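Everything on this sheet refers to the single structure shown next.
The values are calculated or read from the model by the stated rules, or taken from the named source; none is laboratory data. Quantities reported herein were computed from a predicted structural model and do not represent experimental measurements. With ideal geometry, Cβ positions are generated from the backbone for all residues, glycine too; neighbour counts draw on all protein chains shown. Calculation scope for accessible area: heavy atoms of the full protein, side chains included, ligands and nucleic acids excluded. Shrake-Rupley method; radii C 1.70, N 1.55, O 1.52, S 1.80 Å.
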Amino acid sequence: MRSLTLSAHLPLVRLLAVSRPALWVNTVGPLVVGLWLTGRLWTPEPGLLALLAYLTLPFNLLIYGLNDLADREEDAASGRKGGWQGARLGPGEGGPLLRAVWLLNLPFLAGLALLLAPPALLVLLLSAALFAAYSVPPVRLKARPFLDGLSNVAYALPLALPALALNEPVPALPLAALMAYAVGKHAFDAAQDVPADRVAGVRTVATTLGVRGTALYALAWFGLSGALLWPVSRLTALALWGVCGGLALALWRQPTPERAARLYPLSILSPWVVGTVAGVPLVYLLARGLWP
């Protein structure tokens, strides 16, 4: 039987690889947290259910598909690509991938335009635009030091969507904390690519600051993120400082790209660890029958 396909040439399994399922937590997770903070975790609206589906394969294919298309030459020489850390595009895959990105995203966005309140739709489109601007020339924020990381606040924006869709107050402190975390994590993750980016002539926050400076830069953002979370959940703030701050300190003590590469899998796991700790109060409330 021929593989199920979503485009003329790329099978579904290939599109899944490009979308990096290990990183879907970075888009789905903030939306779930936003639902939790509105008290609608178990009774989401139809628009929010559609949004949850959109933030899996379609949205991540937009993020990483455009990134892989823009970075084909760099990725061809990268030892990190071709596995769970990202696809390495082969000859003839560029056009079908671009078509698949539009075919999956445009219908979803059209449907969400009918289901979501205008403020929520605008924030979703802002997030998508920032991700596109990160990768695609001529803007290509990826190659603009400090703007590269600041644009990653796009990962935090889904947290605001449930409140905007339900016409409720946006949880400002958790949103700001997640934005700070996203900036710090981008810098930390970029440290491993310093040699390859310098060879390719790509200027990033990490190539500008060097590995040690990048570790301190990330640590500062993680510190700010935890401070913003402290009034909301001290347990979560302590987990973030311990996990993410600990990773940044470990890199500062041994500031090499090789060390950054060894720590990267732990960075990928950090949202799961901190998110699990953040879920402890929810489990407690559910057990006590206190959560609506």
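Condition check: over 26 Å from Asp197 (Cα atoms), among the small types (Gly, Ala, Ser) and surrounded by 19 or more Cβ atoms within 10 Å (Cβ to Cβ). Does Ala120 satisfy that? Steps first, answer last, please.
Values: over 26 Å from Asp197 (Cα atoms): yes; among the small types (Gly, Ala, Ser): yes; surrounded by 19 or more Cβ atoms within 10 Å (Cβ to Cβ): yes.
Considered against the rule, which asks whether it is over 26 Å from Asp197 (Cα atoms), among the small types (Gly, Ala, Ser) and surrounded by 19 or more Cβ atoms within 10 Å (Cβ to Cβ), Ala120 comes out as yes.
Taking Phe188, is it crowded, with 17+ Cβ neighbours inside 10 Å and touching a Gly at 6+ places or on another chain (Cβ under 8 Å)? Spell out the reasoning first.
Details: crowded, with 17+ Cβ neighbours inside 10 Å: yes; touching a Gly at 6+ places or on another chain (Cβ under 8 Å): no.
Criteria not met by Phe188.
Out of all the residues in the stretch 171-189, is one or more at negative phi and without any contact (Cβ under 8 Å) to a residue 24 or more places away in the chain? Let's see the steps before the verdict.
Residues of the stretch 171-189 that are at negative phi, as a first pass: 171-189.
After this cut, where a residue has to be without any contact (Cβ under 8 Å) to a residue 24 or more places away in the chain as well, the list is 172, 175.
Yes, because at least one residue in the stretch 171-189 is at negative phi and without any contact (Cβ under 8 Å) to a residue 24 or more places away in the chain.
Being hydrophobic (A, V, I, L, M, F, W, C) and not in a helix (DSSP H, G or I) is the filter here, so list the residues in the stretch 114-150 that pass it. Steps first, answer last, please.
From the stretch 114-150, those hydrophobic (A, V, I, L, M, F, W, C) are 114-117, 120-126, 128-133, 136, 139, 141, 143, 146-147, 150; that's our starting set.
Correct list: Leu116, Ala117, Val136, Val139, Phe146.
If I ask for residues that are touching an Asp or Glu at 6+ places or on another chain (Cβ under 8 Å) and either open to solvent by 20 Å² or more (accessible area, probe 1.4 Å) or over 17 Å from Leu141 (Cβ atoms) (or both), which ones from the stretch 193-206 would you list?
Ala196, Ala200, Arg203, listed by residue number.
Quick one: Leu229 ticks every box in (1) crowded, with 22+ Cβ neighbours inside 10 Å; (2) of a type outside the set (Asp, Glu); (3) at positive phi bar one, so which box is it?
(3)
Mind checking whether some residue in the stretch 164-173 is crowded, with 23+ Cβ neighbours inside 10 Å and outside any helix (DSSP H, G or I)? Working first, answer last.
Initially, the stretch 164-173 is screened for residues crowded, with 23+ Cβ neighbours inside 10 Å, giving 165.
Then drop every residue that is not outside any helix (DSSP H, G or I), which leaves none.
Checking the stretch 164-173: not a single residue is crowded, with 23+ Cβ neighbours inside 10 Å and outside any helix (DSSP H, G or I).
How many residues are closer than 13 Å to Lys185 by Cα and hydrophobic (A, V, I, L, M, F, W, C) if we restrict to the stretch 219-248?
11
Counting only residues that are closer than 26 Å to Ala176 by Cβ, of a type outside the set (A, V, I, L, M, F, W, C) and touching a residue at least 12 places away in the same chain (Cβ under 8 Å), give me the helices (runs of 4 or more DSSP H) lying completely in the stretch 194-266 with at least 1 of them.
On the way: elements: 194-200, 205-229, 234-240, 246-253.
Per the criteria, 205-229, 234-240.
Scan the stretch 126-163 residue by residue and report those that are crowded, with 19+ Cβ neighbours inside 10 Å and either among the aromatic types (Phe, Trp, Tyr) or within 17 Å of Leu35 (Cβ to Cβ) (or both).
Ser127, Phe131, Tyr134, Tyr155, Ala156, Leu157, Pro158, Leu159, Ala160, Leu161, Pro162, Ala163
Quick one: in the stretch 21-43, which of the residues that are surrounded by fewer than 20 Cβ atoms within 10 Å (Cβ to Cβ) and touching a Ser or Thr at 6+ places or on another chain (Cβ under 9 Å) is nearest to Ala278 (Cα to Cα)?
Among residues in the stretch 21-43 that are surrounded by fewer than 20 Cβ atoms within 10 Å (Cβ to Cβ) and touching a Ser or Thr at 6+ places or on another chain (Cβ under 9 Å), the one nearest to Ala278 (Cα to Cα) is Val28.
Hey, could you check the stretch 44-71 for residues that are at pLDDT 90 or above and of a type in the set (Gly, Ala, Ser) and say which is most open to solvent (accessible area, probe 1.4 Å)?
Step by step, filter the stretch 44-71, then rank; the result is Ala53.
Can you find a residue that is in a helix (DSSP H, G or I), modelled with pLDDT under 95 and either basic (Lys, Arg) or farther than 24 Å from Val199 by Cα (or both) anywhere in the stretch 72-85?
Looking for residues that are in a helix (DSSP H, G or I), modelled with pLDDT under 95 and either basic (Lys, Arg) or farther than 24 Å from Val199 by Cα (or both), one finds at least one in the stretch 72-85, hence yes.
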